[in-house]
Every structure is written in structure tokens, then in C-alpha cells.
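Here the structure comes first, spelled out in C-alpha cells, and everything after it is commentary.
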Amino acid sequence: MKLYLLTALLLVQSLVFAQNKPTLIPFPQEVNWNENHFILTNETTLFVEDKAFDIHHFLEEVKFQTGISLQVVENKEEATLQILLDQNIKEEEGYQLTVTDQLIKLEAKTTKGTINASATLLQLIGSTKEVPEVVINDAPLFAWRGMMLDVSRHFFDVETIKSYLDLMAHYKMNKFHWHLTEDQGWRIEVKQYPLLTENSAYRTEKDGTKYGGFYTQEEIKEVVAYAAKRGIEVIPEIDMPGHMVAALASYPEFSCTGGPFEVQTEWGVHEDVLCAGNERTYEFVQNILDEIMPLFPSKYMHIGGDECPKARWKECPKCQAKIKTEGLEDEHELQSYFIKRVEKMVNANGKKMTGWDEILEGGLSETATVQLWRDFHDKDAVRKIAEMRNDIIVSPTGMCYFDYDIVTTDVEQVYNYQPVPSDLAKEKHHHVLGGECTVWTERIPDNARLDFMVFPRIIAFSEALWIGQQQGFEDFSERLENEYSYLDSKGIQYGPSSKVLDVEVLNENGQLKVHAKPLIDGVSLKYKTPLSEVFVDYNKAVEVKETGKVIIKGYRNGRPYGDPVSSNFVMHKGSNATIELSTPPSNPYEKAGVQGLVDGRLGSERKFKDESWLGFNGKDVTATLSFENKTSISSIQLRAYDEVGSWIMAPKNIEVLYSKDGKKYKSANKFKSETVSTDGDVLIYNWEDLSKIKEIKSIKIIYTNGGKLPKGTMGSGNPSWLFIDEIIIQ
């Protein structure tokens, strides 16, 4: 009986210890726990052999987490916390960490290994003073564990960059890819071309305000040095020959047309690019690269190379002459010619060129490194590139694009990211360097939204690249739950790990109701109606009784969790009409159904995929509304979507006709759309002051499709989509 009790007691103690183990992310390759602890105090002494290690940062982090101030000593034998160099450690970034009840010892081959070891120790310490006994042997699975940040669509200052470098180091990420130029802004000082920062760094927004900013060369050096102390290599990107409109706004002579140009305010791909047939363009690129490459010790220089339309080159005499004189096949080979010339400039500075996977078009040298993003373009692309003997950084949109919302790319998808395809021969694995999560900032305007989109997904990404999926997602999820307290302590405004809630609007016997349910354990819901100023607990479906928004929010641990879901409603007479369409909507944008045009629910102003918009591919459509009883109407409001970057164009014309008998129709008004926007925009057409038109039996609304996508846009020449929403009748 005593033996059973002793066994049970030991089992309980073991379970308690297992449950109370510190959270380690990414999880080390080999961990052996023991049951005792090292007690950290203000008398704990620290010796650091590696003089390149940032001891001050380590001391500050220990004090931040525990309130304890370690005592630095110059003699190893006096120290109870030793950070040592050991050339017997095999891996460049590997380390061994040993904790007994008397001593903590970190051993690494390089400073990068020391930084990784210190990150693990800080996680072992947590916020307590008891460090569990353990022996850890660790090294990363992949050498390239990166994050790309686009600072051109929206600008982030030096302090924000530094704070992210700190967080990257905490999770053992080691490459910071700095996307410094775009059509919407140039962000790095080039002294030979001062207009790049005087003019190209700023854009005039639609409301007339100026937006922008740039980094001086001294700030660049400051960030690079700071990153080096965190074991992070900074890889700059100057995107070319496309995505260059900001530069051309100041130096239009390097374009095919000569301009004029403005720094762009709209996202998407723009037709104007560097002129690849103009020799002066290569001088421009050479001078820029020669000036900025010395600022970055990295052996890599990223030259972009993505999304370069060829329309201007096809019409440009200089480009066509270059194709002829160089014996090139077409404009794709002209891009390859451009890329190869730029690669020689990069190589002359002692660096290797890397670029997005479009640099493959027309041929590529074996020395270039390819950053793959278009996994949708060719599922076998990683294998094919490795077989070409090019190195690869794997950043597929489906798992690595953190500007995608959590519904599209959740934490579990990111955790299951595997850069090496199963069908790649083992002798080719070394060409897959690793991966990067990419953060494009078109819709990330500030630090709060940056945190929300990046965390916690980057934590899953760090583990996928460090150890893979060895621990399993369930184990990772448990550790992630414990990690949120650390993010809270750092003030990180993280987003959810997956979709938080489902919202469905149903018409129940003529009454619109908003139904919602949480999708994550521990999430409660609150809602607010249009006439309410406060959120109240959600217990049952919300009846829609007035015009305005019903907003549903998720809450977890007492704080808002995830984005709120808004359903916008307008009460109007059209809801009482029957409606027919001359043309059915096109798959997959038919889910709202015909009645969705008069159900009182407005489509999202930012997401045409929200299932309230109806889409018609390349077709005109006529909507006929009929009333049971003759009706007097004071106004009609029509809504259409316009986002040419997504192949959606405003209707070319909208004509409204009315009939008093349901047979003979009279034209009442015509609307024309003469502007094209590449940003998501809801266009509203108002027909008001209808007091003279009474006793209407039916209304026809004829929407004329916008036609083929215009030159200068992606998909040029293809049929455009027509998207329409609520027909509001008062």
C-alpha cells in the first residue's frame, strides 16, 4: 500500500512539473529536464566570454522579466552564470545550455549561437526566479529564418524597426528583409539623387494630406548595427525594374515615356517601369546600388524583379532597339537581360543577388537566389528551381503572407509550413535556404495593426523553421497560450490565432436577424446596435430594426479579440419588392442570391468577397423590381464596386427606368462612370427629388459592364467584373 502511495505521489509530482515547465518557442532540438532549480538572485554572478555579445541587452531583459540585477564579473570561476565560446559545438548557430542547482552554463561556437542560447535562457527564466534544471542541445533546421517588412506602402520609424528586431531575436529569427522602395514611396537616402527623398518619399493622399518619410544613411547604419547585436542580418530591397513609379516621379527621364509621374496613392501594379532600353537607366541603377550597398554588410542584395508589366517596353523604341541589338527573343528576355546586368553590379560589390521568382523569366544565372512567392503559379516551383541549382527562399502566399487575414492564413497553416517539398532529392535540399514571412503594408497603416497581423503567426513561423513539426500542433498551441503573457508584457497588440467568430444574417419570416457564434474556446461575444453606444452580451440572434451597423465583437481574457464583424443595414421600400435579374451572377460571387440586392444588408466597403456583393464576369445585367401595390418613391440609391487591381470595374453606364403599369417603361436617369480606381471603393449613385413620379409599379435598372480591363492594369484586355449591391429605394 505504501509503495502504491509513493508511486502515485511521484506521478503527481511529475505531472505538476510537466505542466509547470517554462514555455520554449521555438522548441529546442533536444531537451532533458531534471527536477531541481537554480535560484536566480541579485547576487547571481555573470561571466561572458564572447565580447561581441550584447551583455547590456541581456541584463536589461533579465531585469525586465524578473526585477533581478545580475552582477557581472571578470573571472569565469567566480560566476554562477557563464556564457562561453566552445569550438566543439558543431553548428554555427548551435548551442548547449546546462542548468543545475548550482550553475547555469551557455556554450556556443559563434556569437549568433550565443544569442540563440540567451534567448532560450530568457524563456527558461520567464518571470520567476527559479530556473529549472535542464540540458539543452540545439541548432536550427534552416539557416534562413526571415521576416520581410514593406515600409513603402506605409512607413515605420526606426524605433518600430528596432522593437521588431528585438522580438525576432527572441524567437530566433535571423534575417530582416527591408523592402525600401515602391510605387508609393522611396524610403532610403541616396545622396547622388536627393529628389528621391525630397520628393519621392512623399505622396499626396486623396484628401490632400502629405504622407511619407525616409531613413537617412545614418539611420540605416544604426538599424544595421542594432540588428547585428541581435544576430540578425539586414537584407535591403530596391525593387526594379517594376514598382518604380515613386523614383520616376523625380527622375522621369529613366522611364519609357518621359512622364510626368506622381508618387502613387493607389495599390496594385502600375504600367510605368524603368526603361530597360536606355543605357542611362543602368547608370542610374549602378549609382544607387554603389551608394547604398556599402551600408549593408549582408552578402545579399535584393533587387525585387516582381510584377513588371511589359506594355511600355513593347511600345518603347529604345527597348525594341535593345531587344534587336542584343538578339533577344521578346520583352521577357529583355527583363532577363536587365536582371543579369544588375546582378553583375551586385556581384562587383562582393554580394549575391536575390529577387522574387519573376527574375526567372527569360533565364537566370545559377548564382542568383530566388525568393519564391507564387506557389499558386506552379506547385512544383521549389523543386524545379533547386534542380536548376539556384538557392531558394520559400515564401508562398498561402502560408507566409501575413497581410492576409487570419481567416485566409491562420496559425495552424503557418505552423505546418514546410519549405522543402517531399519530392526534392536529398542532395538538392541544401538549395532550400529556408523561408520568410512577408508583411505587405497596403492595409497596415500603424504599429497596432502591424502587431495584430504579425503576432502570433510569426511565433508559429519561427518554430516551423527551427524544428519543423516535431512537437505537433496541439503541443505548440498549449505553449502559445502561455506565451501571450510575454507579449502582453511587451505591449504587443496581437491578433487571434484563427477565425474568432461566425456571423450570419438570415431573413426569418420577413425579419432580418444577425446570428453569431464564437469559434475559439474562451471567447465570449458582445454586440452593439445602430442606436446603442455600448456593447452588451450576445445571448441570442439580434433583430435588425433600424438603419445602421450591428457590430459583433469577440472578447477573451477581458480584452477585445480579433476584428469586430460589422453588418450594415438600411431599411427601405425595396425590401418589399420582388426582383428578377436578366443574367445570373457568376460563380463564386452568387451566394447572396438575387434577393441579396434588396434584403437591406449592405456589402462591405473593403471586401467584395463578403458574400453580400453579386459579381458578373464580362456581362451586363438588368434588375427589375416589381411592387405588389403602386408605390411613391422619393429616392433611389445604387451601389457598385470598383477595384481594377482585382479585375473589377465600375459600370460604364447605369440607366434607371420606371413603369406605372409594369409594361411600358420610361427612362428616368443615366449615370456614367468615367474614372477608374485601383483601390477598393464603393461607388454610390443617387437619384433624388422624385416627388413628381408617383404610383410606380416597377423599376428597371440596367447596369452596363465596364468593358475590357484597360492598358496599364493587370489582366489588360480581359473582360472585367461588374459587382453590384443593395438597390435602396425610399
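For region 278-323, residues that are more than 15 Å from G242 (Cβ to Cβ) and either outside the structural domain of S336 (by TED's automatic domain parsing) or part of a loop (DSSP other than H, G, I, E, B) (or both) total 5. Would you say P588 is under 35 Å from the mean Cα position of the chain (by Cα), assigned by TED's automatic domain parsing to the domain that holds L657, surrounded by fewer than 16 Cβ atoms within 10 Å (Cβ to Cβ) and within 30 Å of K664 (Cβ to Cβ)? No; evaluated as a whole, the condition is false for this residue. Every condition in (1) out of contact with any Ser or Thr (no Cβ under 7 Å at 6 or more places or on another chain); (2) farther than 24 Å from I235 by Cβ is met by D357 except one, and the failing one is (2). Can you pull out every residue in region 630-676 that is touching a residue at least 60 places away in the same chain (Cβ under 8 Å), under 28 Å from F569 (Cβ atoms) and hydrophobic (A, V, I, L, M, F, W, C)? Correct list: I633, I636, L638, A640, I648, M649. Being in contact (Cβ under 8 Å) with a residue 60 or more places away in the chain and within 35 Å of the chain's Cα centre (by Cα) is the filter; apply it to region 317-343 and report the residue that is surrounded by the most Cβ atoms within 10 Å (Cβ to Cβ). The selected residue is F338. For the residues T369, T397, T409, T438, the requirement of being outside the structural domain of T120 (by TED's automatic domain parsing) and free of Cβ contacts under 8 Å to residues at least 40 places away in the same chain singles out T397.
Of the numbered conditions (1) part of a helix (DSSP H, G or I); (2) modelled with pLDDT under 95; (3) farther than 20 Å from K175 by Cβ, I359 satisfies every one except a single condition; which is it? Status for I359: all satisfied but (3). Restricting L487, L531 to residues that are more than 30 Å from the chain's Cα centre (by Cα), among the aliphatic types (A, V, I, L, M) and outside any strand (DSSP E or B) narrows the list to L531. Checked against (1) loosely packed, with under 14 Cβ neighbours inside 10 Å; (2) within 26 Å of A460 (Cβ to Cβ); (3) of a type in the set (G, A, S), G510 passes all but condition (2).
Determine which member of the set F455, F461 is modelled with pLDDT of 95 or more and in contact with a Cys (Cβ under 6 Å, 6 or more places away or on another chain).
On the way: F455 fails: in contact with a Cys (Cβ under 6 Å, 6 or more places away or on another chain).
Within the list F455, F461, the selection yields F461.
Here the condition is being in contact with a strand residue (DSSP E or B) (Cβ under 8 Å, 6 or more places away or on another chain) and surrounded by fewer than 23 Cβ atoms within 10 Å (Cβ to Cβ); of F176, F156, it holds for F156 alone. One residue stands out among those in region 636-651 that are hydrophobic (A, V, I, L, M, F, W, C) and touching a strand residue (DSSP E or B) at 6+ places or on another chain (Cβ under 6 Å): the one that is nearest to I699 (Cα to Cα), which is I636.
The values are calculated or read from the model by the stated rules, or taken from the named source; none is laboratory data. Remember, predicted model here, so these are calculated numbers, not experimental data. When we count neighbours, we look across all protein chains shown, and the Cβ atoms used for this are built from the backbone with ideal geometry, even at glycine.
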